[in-house]
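Asker: Take this structure, written in structure tokens, and hold onto it; I'll ask about it next.
The values are calculated or read from the model by the stated rules, or taken from the named source; none is laboratory data. Just so it is clear, the structure is predicted and the values come from calculations on it, not from any experiment. Here the Cβ positions follow ideal geometry from the backbone for every residue, glycine too, while neighbour counts run over all protein chains shown. Side chains are part of the model used for accessible areas, which takes the heavy atoms of the whole protein and leaves out ligands, DNA and RNA. Shrake-Rupley method; radii C 1.70, N 1.55, O 1.52, S 1.80 Å.
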Amino acid sequence: MTVLLVAVAVAVPQVAAAATPSRYTIVDLGSPDSGANGINNADVVVGYRDTPTGRHAFRWAGGVMTDLGTLPGGASSVANAINDAGQVAGTADRSSGGYGYPVKWSASGAITDLGGPVTNRLGAANAIERHGRIVGGQRPADSEGSPLATIYEPDGSSRYLADPPDALYAATGINARGHITANPGYVIWDNGARFKMPGLRYFDGDVVTVNAINVRDQVTGSAPIGDGLSHAVFWNARDVIEHGAPIGTDIGTVDGIAYSTGNAVNAAGQVVGTADPMCQPCAAPKAWVWQPGGTIAALDTLIPAGSGWQLQQANGISDRGEIVGRGVLGGRSHAFLLVPRFHANVNFQPASSATPAGYTADAGAVYAARTGGATYGWSADDAAYTRLRPEAGAPDLRYQTLIHSQHPTSANTWELAVPNGRYLVHIAAGDPGFTDSTYRISVEGTLTISGTPTAADHFVEGTTTVTVAHGRLTVTNAPGGSNNKLDYIDVIGL
């Protein structure tokens, strides 16, 4: 192709526009006829794979898939969720073709039947928190009706979350604070109080569903939008409960598909789910991801072109931004893992403290290259101002450790080397032992945290999207901050 300049034809070579890099790399977990349901912050994935003898639960880590097996006498099992300690919640039958019952696998792979002695009390274990508490559901003792919301304690005891006739259907999620989601559309607080999540513009409380809850009490599921259709929804449960937020946020759908649902939400507020036409013959379902602030995208558009994958379900997302689900490759279902093109997860802590799964430690040292390849740190040495407070009120280890970011002066800044581009940044601030602060923290000049801790909640968190053009993502103490304390930061490339 040529370009005519003045009256002389001059051949000008055309420069191709730089291709937008894919947001994720995709990992085939290595087994056809499989799907992934959950992932923890240690990059361990769980799900199911079909075998010659039946469907079996699996655990995948570091490129190796391990069959978790079945109950004695059983033929089938499915792993639904995994915590950072490596414990797994799922479902397994007791005989070939029989009912499924809630089960738990230890970190070493030993299976425990949680279902009790009654044969027809079928059910499932759907979610597990850091201490090994599991939620799911089972039929009543008379074996009539649907499974009811149940919690299974590490000591082997279990109880309904509410007794009939006020019982709920099977519980779907539990977070590190012990807060639980159960249908139709409830969040259950740690004092036993339960709150209905509101619908969208066409409210029908009986068909609102909730599927997952993160450490910040943000919830996802689905709600009707009218004409028999439904969309994925995002709620901040605390806003609903404490401030009477009237509606959920409509996440929407992709490619005009009629139905969508949110399946999982991470600490940054990213939601993943599935859009499904729910008809035959119709277009295939599509997996998607939604960013806080309202951007939804089909995952097929965010992986390398020509990969051959059709991503149909997104079922889990870690705080590192990694996504798992089920796709089609070569005409067969495959479990997949999507890894963001860039992610960094840093915990602020004393050098002697244990480091949370999936995180690297920042112990207050000045900016420099760290073990593992990341480069980050402070403009002035802050090592003397790290703290470990193993208080019972902290949701997990990330909230038990902190650094005083306004030492040795309020001008101290923290930076992370990153490729230039857009990033989703989530920061947690707080102290499990004290509330003597006003938290104001900026990322790249954007105020990200602004709040005051209370006796009921010692932590303030925020998520923002920023663009980095100078090779370093910069965190500063914002004006008005007093006794700022940082717990951890999640940085995920967009």
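Asker: About the Cα centre, and with charges only on the beta carbon of Lys, Arg (+1) and Asp, Glu (-1), how big is the dipole of the chain? Nearest 20 debye, please.
Answerer: Values: 30 positive and 41 negative charges, 131 e Å.
Result for the chain is approximately 620 debye, rounded to the nearest 20.
Asker: Would you grab the residues whose amide H sits under 5 Å from the one on Gly38? Only those 5+ places off in sequence or on another chain, please, with H modelled 1.01 Å from N.
Answerer: Hits under the 5 Å cutoff: Val46.
Asker: Where a Cα-Cα gap under 14 Å defines reach, which aspartates and glutamates qualify for Lys485, not counting those fewer than 8 residues away within the same chain?
Answerer: Asp362, Asp382, Asp431, Asp436, Glu461
Asker: Considering only protein heavy atoms and a probe of 1.4 Å, how much of the accessible area of the chain is carbon and sulfur, as a whole percent?
Answerer: Taking all protein chains in place, the chain shows 53 percent carbon and sulfur surface.
Asker: Need the list of aspartates and glutamates near Lys104 for cross-linking: C-alpha distance under 15 angstrom, and skip anything on the same chain fewer than eight residues off.
Answerer: Asp67, Asp84, Asp93, Asp113, Glu129, Glu153, Asp155
Asker: Under a Cβ-Cβ cut-off of 13 Å, what is the net charge of the residues other than Asp84 that fall near it, where Lys and Arg count +1 and Asp and Glu count -1?
Answerer: Net local charge, Asp84 excluded: -1.
Asker: I've got another one for you. With point charges of +1 on the Cβ of Lys and Arg and -1 on the Cβ of Asp and Glu, referenced to the Cα centre of the chain, which listed residue (Ala287, Gly178, Ala267) lies farthest in the positive direction of the dipole?
Answerer: Result: Ala287.
Asker: Using +1 at the Cβ of each Lys and Arg and -1 at the Cβ of each Asp and Glu in the chain, identify which of Trp309, Asn40, Leu122 lies farthest towards the dipole's positive end.
Answerer: Value computed over the given set: Trp309.
Asker: What distance in nm separates the two pseudo spin-label positions at Thr119 and Leu447, each 7 Å out from Cα along the beta-carbon direction?
Answerer: 6.6
Asker: Also: Among Gly109, Asn214, Gly226, flag the residue with its Cα farthest along the positive direction of the charge dipole of the chain, charges on Cβ as +1 for Lys/Arg and -1 for Asp/Glu.
Answerer: Gly109
Asker: Right, next: Ignoring everything except DSSP H segments at least 4 long, calculate the 222 nm mean residue ellipticity for the chain; use -39,500 (n - 2.57) per segment, divide by total residues, nearest 500.
Answerer: It lands at -500 deg cm²/dmol.
Asker: State to the nearest 20 debye the size of the charge dipole of the stretch 141-288 about its Cα centre, where the only charges are +1 on K and R beta carbons and -1 on D and E beta carbons.
Answerer: Dipole size: approximately 400 debye.
Asker: Say R0 is 35 Å: what FRET efficiency, to the nearest 0.05, do Thr53 and Ala283 get from their beta-carbon distance?
Answerer: Given R0 = 35 Å and the Cβ-Cβ separation, E is 0.55.
Asker: For the stretch 377-457, with only Lys/Arg (+1) and Asp/Glu (-1) charged at the beta-carbon, what is the dipole magnitude about the Cα centre, in debye rounded to 20? Write down the numbers at each step before the final one.
Answerer: Details: 5 positive and 9 negative charges, 26 e Å.
In total the dipole reaches around 120 debye.
Asker: What is the diffusion coefficient of the stretch 341-494 in µm²/s, taking the Kirkwood radius over Cα pairs and the Stokes-Einstein relation at 37 °C with a viscosity of 0.692 mPa s?
Answerer: Taking Rh from Cα pairs, D becomes 216 µm²/s.
Asker: How large is the Kirkwood hydrodynamic radius of the stretch 416-494, counting all unique pairs of alpha carbons, in Å?
Answerer: Numbers: mean 1/r = 0.0780 Å⁻¹.
Here the Kirkwood hydrodynamic radius works out to 12.8 Å.
Asker: Which lysines, on any chain, are close to Lys196 with Cα under 24 Å apart, when same-chain ones fewer than 8 places away are left out?
Answerer: none
Asker: Over the Cα atoms of the stretch 217-333, each weighted equally, I'd like the Debye log10 I(q)/I(0) at q = 0.12, 0.16, 0.21 Å⁻¹, rounded to two decimals.
Answerer: For the stretch 217-333 at q = 0.12, 0.16, 0.21 Å⁻¹, log10 I(q)/I(0) is -0.43, -0.73, -1.16.
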